Amino acid sequence: MKLVEFLLTFMQFTLSIALVVGVLLHSAKGEGIAGIGGQAHVFGSQKGVEAGLNRITAIIGVLWFVVACALALLHRPEVI
């Protein structure tokens, strides 16, 4: 059981770092002054790299959540 706990904790740590890096790699979505006249969305098309990064970040987020739930179930108190 200690090996499973260690592996899940290691996965949680690694996924946490990957999630932070994935979020930081996204480009800024701020409209700035162009948002006043509604012109900010003229050049706002999403590129292939950005779409792939969105998908990878979402997958890492889901994996992080699954591992967090597994760790919570592993450490739940015994009910008598």
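Brief remarks on what is shown
- Contacts under 7 angstrom Cβ, first residue in region 2-29 being over 16 Å from VAL62 (Cα atoms) and assigned to a helix (DSSP H, G or I), partner among the small types (Gly, Ala, Ser) and at pLDDT 95 or above, 6 or more apart: none
- GLU31 vs. criteria surrounded by 13 or more Cβ atoms within 10 Å (Cβ to Cβ) and at pLDDT below 95: yes
The values are calculated or read from the model by the stated rules, or taken from the named source; none is laboratory data. On a predicted model such as this, the values are computed, not experimentally measured, just so you know. Cβ: placed from backbone, ideal geometry, glycine included. Neighbour counts: every protein chain shown.
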